[in-house]
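Notes to accompany the following structure.
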Amino acid sequence: MKIKTRAIVLRKTPFQESSLIVKLFTREKGKDTFVIKGALRQKSPTKSFVQPGEEIEIEYNYLSSKKIFPLYTMRSANDWSNAFSNIKTTMLLFCFIEILDKLYDEREADKDTYDDLIASLSLLNKNNSRTNAIFFWFLFRSLKRAGYDLSEADDHPVLRGKTKEEVKDFHNLVKKIIETDKTEEILKMHKSFQRLKPFVSGAISLHIGSLESVAITKEIFAD
């Protein structure tokens, strides 16, 4: 079966002399592994856009019995050059990728989360000043889709020791995030979202695990 889909590059590994093994999160089939032969050759047109965080459009022959797919047809689908313009937004982008990679198993497709990621990257590419709001929006919506709805978790470990008012405020804010589909509204709620900062590291540790970029993530939360 021929599949044509967009995909986000999660990671890449050199293979043999001039090829790449790439892990992609595709919109149609979720996470899968591909080999791109000759991708590291000097004149290869794919070197510039097969990078972690880049969105590409691919076409390949899908067989459920296969573990890895040769990838011959691909092109760049988006330009996030502004999002890669400074260390803060670059590391935040890598946080998105890590969250996506750790929350989903192989071939577990989720078009809504894919679309949320693209919306988040588009916002990052346009706005480098309100990154927390963008991150919180993607994080809590992704956690809900993975089965962790923190807007209704009264006895969640991150809420222990908090007052009733703090718990209520947390639930209301998370619910507001989860129900916000219009991305232009996210940046307007930046100030209220700051009250979620004390809970975020705990939520990540409990439901996702350690992030390689956790040190930079803490720096992101500090602004």
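Anything in the range 52-111 that is assigned to a loop (DSSP other than H, G, I, E, B) and among the acidic types (Asp, Glu)? List them, or say none.
GLU54, ASP79, ASP105, GLU108, ASP110
Looking at SER120, SER129, SER142, SER81, which one is more than 30 Å from PHE34 (Cα to Cα) and not assigned by TED's automatic domain parsing to the domain that holds LYS67? Write out each step before concluding.
Details: SER120 fails: more than 30 Å from PHE34 (Cα to Cα); SER142 fails: more than 30 Å from PHE34 (Cα to Cα); SER81 fails: more than 30 Å from PHE34 (Cα to Cα).
On inspection, the qualifying residue turns out to be SER129.
Which ones in the range 39-67 are over 22 Å from ILE118 (Cα atoms) and surrounded by 14 or more Cβ atoms within 10 Å (Cβ to Cβ)?
Correct list: ALA39, LEU40, SER44, TYR62.
Identify, please: which residue in the range 8-38 is among the polar types (S, T, N, Q) and under 23 Å from ILE118 (Cβ atoms) and is, among those, surrounded by the most Cβ atoms within 10 Å (Cβ to Cβ)?
Only one residue tops the list, namely THR26.
Just one of (1) closer than 18 Å to HIS190 by Cα; (2) crowded, with 21+ Cβ neighbours inside 10 Å trips up LEU150, so point out which.
Against the list (1) closer than 18 Å to HIS190 by Cα; (2) crowded, with 21+ Cβ neighbours inside 10 Å, LEU150 comes up short only on (1).
If a residue must be more than 24 Å from LYS102 (Cβ to Cβ) and assigned to a strand (DSSP E or B), how many such residues does the range 4-35 contain?
2
Exactly one condition in (1) loosely packed, with under 13 Cβ neighbours inside 10 Å; (2) polar (S, T, N, Q); (3) modelled with pLDDT of 95 or more is not met by THR5; state its number.
(1)
Test each condition in (1) crowded, with 19+ Cβ neighbours inside 10 Å; (2) in the same structural domain as LEU24 (by TED's automatic domain parsing) for CYS95 and report the one that comes out false.
(2)
Among the residues of the range 129-186, what is the count of those that are modelled with pLDDT of 90 or more and acidic (Asp, Glu)?
So the count comes out to 5.
Only one of ASP154, ASP149 is over 15 Å from LYS176 (Cα atoms) and charged (D, E, K, R). Can you tell me which?
Going through ASP154, ASP149 in turn, just one is over 15 Å from LYS176 (Cα atoms) and charged (D, E, K, R): ASP154.
Could you list, in sequence order, the residues of the range 129-138 that are surrounded by 16 or more Cβ atoms within 10 Å (Cβ to Cβ) and part of a loop (DSSP other than H, G, I, E, B)?
Once the filter is applied, which keeps residues that are surrounded by 16 or more Cβ atoms within 10 Å (Cβ to Cβ) and part of a loop (DSSP other than H, G, I, E, B), the range 129-138 yields only ARG130.
The values are calculated or read from the model by the stated rules, or taken from the named source; none is laboratory data. Just so we're clear, the structure is a prediction, and the values are computed from it rather than from any experiment. Cβ: placed from backbone, ideal geometry, glycine included. Neighbour counts: every protein chain shown.
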